[in-house]
Amino acid sequence: MALIKCPDCGQNISSHAAACPSCGCPVNIIATQYYNKGLMYYSGNGVPQSFEKAAEWYQKAAELGHTGAELGLGQLYWHGWGVPKSDEKAIEWVQKVAEQGDADAQFELSQIYASGWDIPERDEKSIEWLLKAADQGHARARYELAMNYAIGLRGLAEDKEKAAEWFRKAAESYLKAAEQGDANAQFQLAEMYSVGWGVPKDSNKVFEWYLKAAEQGHADAQFQLGHIYLDGKGGIPKNRKKAAEWYSKAAEQGHEDAQDFLSAMYNNEL
């Protein structure tokens, strides 16, 4: 039995208790406080950034059943940030959340299996969890499933019809998120309109969604807008000034390709 310290009264209590017997503080509140400390160290918000400290606090919260901490701890083990890299421990912690029906965790678990060369049945497990997330409407899972069917990856036979079906479903999910202001979804939707995956090709929609994402600071979208203005794509008139503006915005965020294009423009190489 592990003992934890109540943040309100300082009393040591059992981690299996529902609340502190001295002051009544619920254990789930203690877990959330531990998790929030982990987030602070993970992002360096108000404290020196430290994956090691983040892992310590995530561990404390995860042991109390905090799903955000379980997922965060699994991600740290997957990448080897602040803890020794371990696919086994990453799977252990992320699967706890995935089995509760969390689509993000299911997608994350599919990625861990896909990347682990030494994991038994990696392809089968990866597709199993990818399907679970996709069936719940997870946009990235749907898109990735479509790509796997289109090319024939992770043990799936190439199937253009199933690929088209999942591309359509992915587009629906991305559109819903994009309309709610999700910049990543807006960018991905622009990409899909550009190549005609799940939606008809539409240069106007490409520009519309790249612009929405770029205005929210999405560096890849800003870079793509630079291309559109530089080359005059999709009925947009060439405008080197606007191209440079968007390349600059992306470059300021560390986008290396944008930095190269901007340099080439200033040197009259483009």
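Among the numbered conditions (1) outside any helix (DSSP H, G or I); (2) under 30 Å from Y210 (Cα atoms); (3) of a type outside the set (G, A, S), tell me where I119 comes up short.
All conditions pass for I119, except number (2).
Just a yes or no: is a residue in the range 195-206 among the small types (G, A, S), closer than 18 Å to Q136 by Cα and part of a helix (DSSP H, G or I)?
No, because not a single residue in the range 195-206 is among the small types (G, A, S), closer than 18 Å to Q136 by Cα and part of a helix (DSSP H, G or I).
Starting from the range 19-37, take each residue that is farther than 18 Å from F51 by Cα and buried (at least 17 other Cβ atoms within 10 Å of the Cβ) and list its partners that are at pLDDT below 85 and among the small types (G, A, S), counting only C-beta distances under 8 angstrom and pairs at least six apart or across chains.
Close Cβ pairs satisfying both conditions: C25/A19; V27/S15; V27/A17; V27/A18; V27/A19.
Give the residue that is farthest from Q216 (Cα to Cα), with candidates limited to residues of the range 157-179 that are small (G, A, S) and over 19 Å from the mean Cα position of the chain (by Cα).
Residues of the range 157-179 small (G, A, S): 157, 163-164, 170-171, 173, 177-178.
Applying the additional criterion that residues be over 19 Å from the mean Cα position of the chain (by Cα) yields 157, 163-164.
Working: A157: 39, A163: 30, A164: 30 Å.
Checking each candidate, the answer is A157.
Tell me, yes or no, whether the range 253-260 has at least one residue that is without any contact (Cβ under 8 Å) to a residue 60 or more places away in the chain, assigned to a loop (DSSP other than H, G, I, E, B), in contact with a helix residue (DSSP H, G or I) (Cβ under 9 Å, 6 or more places away or on another chain) and crowded, with 22+ Cβ neighbours inside 10 Å. Walk me through it before giving the result.
Filtering the range 253-260 down to residues without any contact (Cβ under 8 Å) to a residue 60 or more places away in the chain leaves 253-260.
From what is left, the residues that are assigned to a loop (DSSP other than H, G, I, E, B) are 253-255.
Within this subset, residues satisfying the condition of being in contact with a helix residue (DSSP H, G or I) (Cβ under 9 Å, 6 or more places away or on another chain) are 253-255.
From the residues that got through so far, the ones that are crowded, with 22+ Cβ neighbours inside 10 Å too are none.
So far as the range 253-260 goes, no, none of its residues is without any contact (Cβ under 8 Å) to a residue 60 or more places away in the chain, assigned to a loop (DSSP other than H, G, I, E, B), in contact with a helix residue (DSSP H, G or I) (Cβ under 9 Å, 6 or more places away or on another chain) and crowded, with 22+ Cβ neighbours inside 10 Å.
How many residues are of a type in the set (A, V, I, L, M) and closer than 12 Å to A146 by Cβ when one looks only at the range 164-194? I'd like the intermediate steps shown before the answer.
Let us first name the residues in the range 164-194 that are of a type in the set (A, V, I, L, M), namely 164, 170-171, 175, 177-178, 183, 185, 189-190, 192.
Now restrict to residues that are closer than 12 Å to A146 by Cβ: 164, 170-171, 192.
Of the residues in that region, 4 qualify.
Quick check on this structure: which one of A183, A170, A178 is touching a Phe, Trp or Tyr at 6+ places or on another chain (Cβ under 6 Å) and either modelled with pLDDT of 95 or more or not basic (K, R) (or both)?
Working: A183 fails: touching a Phe, Trp or Tyr at 6+ places or on another chain (Cβ under 6 Å); A178 fails: touching a Phe, Trp or Tyr at 6+ places or on another chain (Cβ under 6 Å).
After applying the criteria, what remains is A170.
Within the range 180-223, take every residue that is among the acidic types (D, E) and more than 16 Å from the chain's Cα centre (by Cα) and give me the one that is surrounded by the most Cβ atoms within 10 Å (Cβ to Cβ).
Applying the first criterion (among the acidic types (D, E)) to the range 180-223 yields 182, 191, 202, 208, 215, 220.
Filter once more, so that each one left must be more than 16 Å from the chain's Cα centre (by Cα): 191, 202, 208, 215.
Details: E191: 18, D202: 16, E208: 16, E215: 14.
Of everything passing the filter in the range 180-223, E191 is surrounded by the most Cβ atoms within 10 Å (Cβ to Cβ).
Please find, among Q75, Q59, Q49, the residue that is modelled with pLDDT of 90 or more, part of a loop (DSSP other than H, G, I, E, B) and within 30 Å of A114 (Cβ to Cβ). Show your work before the answer.
Values: Q75 fails: part of a loop (DSSP other than H, G, I, E, B); Q59 fails: part of a loop (DSSP other than H, G, I, E, B).
None of the other options fit; the residue is Q49.
The values are calculated or read from the model by the stated rules, or taken from the named source; none is laboratory data. Just so it is clear, the structure is predicted and the values come from calculations on it, not from any experiment. Reconstructed Cβ throughout: ideal geometry from the backbone, glycine too, with neighbour counts over all protein chains shown.
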